[in-house]
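Coordinate-derived values only; no laboratory data. Keep in mind it's a predicted model, so treat the numbers as computed, not measured. With ideal geometry, Cβ positions are generated from the backbone for all residues, glycine too; neighbour counts draw on all protein chains shown.
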Amino acid sequence: MFYEPFFRACTSTRTLLQIHAQLLVTGLHKKAQIATKLVNVYSKFGDVEPATLVFRRVTDPDAFLYGVMMKSYVWNGFFEEPIMLYHDMLLLSFCLVISHTHLCLDDARKVFDRILERDVVSWSSMVSGYAHNGRTIQAIETFSEMSLRGVEIDSVTLLGVTQAFSNVGSLKQGKLIHGYLLRRGISIDWSVENSLISLYINCGCLDSAHKLFSVMPEKSVVLWNKMVTIYAQNGLYEEALRLFSQMMRQGFGPDSFTFAVSFSSCANLGNFVLGSQAYCVVIKTGFESNEFVHNSLIDMHCKCGFVCDAWKIFENIEDKGLVAWNSMICGYGQNGLFPSGFSRERKMDPPKVHYPWF
């Protein structure tokens, strides 16, 4: 570690403060390994307060840092603080377990029920643990109990409860949560916003989903892809293409499924110009060989009357699946080219071919 010699050579609090200032500039003070060294040296100089501040600013403290901090308190005559810190460490471990392990949820609940003073961390972890593992009813019941006890909710709570309401399609409860956030002026992170949008989508409330999406300051590529896909799947092809174009202009890269639904939207609207532009991006990004993409490309070219171009795409497919064959044959039929369609079909085993126009 680069700063190790400086820590060893440190002989006073003043020198340590200079090192600490440099770490604050670089942002390294938040790393557990660096923070452990800082806490240890501050403790040796009897400076418990700055050691505590260093500890509290670490985003992901490990067990070793907890141990050094507890030892620091004992060295300097503080005997109540290490007990509280040990309790926090156990609670943190408890929260991690219930958030990731379905099999431990019932045991975690027993531990949770034995906690005399439950803070927002323990409540939120229990709610999100239930929601994350599909135990929706328990998540909602725990959230209700939390609210009745007057515990202030945080982003973890919001994420868990919106996921739970989304699972059961409870639009009314989801809107109540959203309204509560707006009334209280509570700032929410992108994960909660994504969860609220998923809730509105699952409940078929696309207008509310779009309104929330529009005001989000930061939109992830996953959310862009989700919104484009949802509009296309609901037959709102113009809105899907509008979002798709906006997404491309802002530098977000669509995934293969988004390209596929966008080509499908172009086909249904007859918008071959935008489809051709998107096709150029597909070639650049290497999605041309994707099964979803090339099948939707064939369909778009055929529906827009460019059967010869569709055939060129079809011929370049190395492993032609059943959908590609059906799309090509159907395309010939839709354009009144039945003989050509049947001549192409003979290259494939006839029993495997579906005739969409019969």
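Counting other beta carbons within 10 Å of each Cβ, put R114, R109, R56 in order, fewest first.
In increasing order of surrounding Cβ atoms, one gets R114, R56, R109.
So how far apart, in nm, are the two label points at T11 and L24 if each is 7 Å from Cα heading toward Cβ?
2.5
To the nearest 20 Debye, how big is the dipole of the chain about its Cα centre, given +1 on the beta carbon of each Lys and Arg and -1 on that of each Asp and Glu?
Dipole about the Cα centre, nearest 20: 380 debye.
Taking a ≥ b ≥ c as the square roots of the Cα gyration tensor eigenvalues, with a/c under 1.5 meaning rounded and otherwise prolate when a/b beats b/c, else oblate, which class fits the range 124-214?
Oblate shape, in that a/c is at least 1.5 and b/c is the bigger or equal ratio.
Rounded to the nearest 500, what is the chain's calculated 222 nm mean residue ellipticity when only DSSP H runs of at least 4 contribute -39500 (n - 2.57) each, over all residues? Write out the running numbers ahead of the final one.
Working: 21 runs with 260 residues, N = 358.
My calculation for the chain gives -22500 deg cm²/dmol from helical runs alone.
Please arrange I153, I283, I329 by counting, for each residue, the other beta carbons lying within 10 Å of its beta carbon, fewest first.
I283, I153, I329
By how many nm would the segment from S214 to R118 grow when fully extended, if each residue of separation counts as 0.36 nm and the alpha-carbon distance is taken off?
30.9 nm
Over the chain, calculate the relative contact order: mean separation of alpha carbon pairs under 8 Å at least 6 apart, over the residue count, as a percent.
Reported relative contact order: 6 percent.
Kindly identify the range 219-358 as rounded, prolate or oblate by the Cα gyration tensor criterion: order the square roots of the eigenvalues as a ≥ b ≥ c, call it rounded if a/c is under 1.5, otherwise compare a/b with b/c, prolate if a/b is larger, else oblate.
prolate
Could you list D154, D47 in order of exposure, starting from the residue whose Cβ has the fewest other Cβ atoms within 10 Å?
In increasing order of surrounding Cβ atoms, one gets D154, D47.
Please sort through the DSSP H helices of the chain and keep those with an alpha-carbon extent of at least 30 Å along the long axis and a Kyte-Doolittle average not below -0.5.
Working: long enough: 80-100 (31 Å, 0.95).
Those that clear 30 Å and a mean of -0.5 are 80-100.
Only Cα pairs under 8 Å and at least 6 apart count here; give the relative contact order of the range 233-282 as a rounded whole percent.
Computed over the range 233-282, the figure is 39 percent.
Please work out the FRET efficiency for the pair I137 and E318, using the Cβ-Cβ distance as r and a Förster radius of 51 Å; give the result to the nearest 0.05.
About 0.55, to the nearest 0.05.
Which is farthest toward the positive dipole end of the chain among G270, Q173, G77, measuring Cα position about the Cα centre, with Cβ charges +1 (Lys, Arg) and -1 (Asp, Glu)?
Positive-end residue among those listed: G270.
If you work out Cα Rg over 2.2 N^0.38 Å from the coordinates, which of [x] 1.41; [y] 1.20; [z] 1.34 do you get?
This structure yields the entry labelled [x].
Given an 8 Å cut-off on Cα distances and at least 6 residues of separation, report the relative contact order of the range 1-52 as a percent.
31
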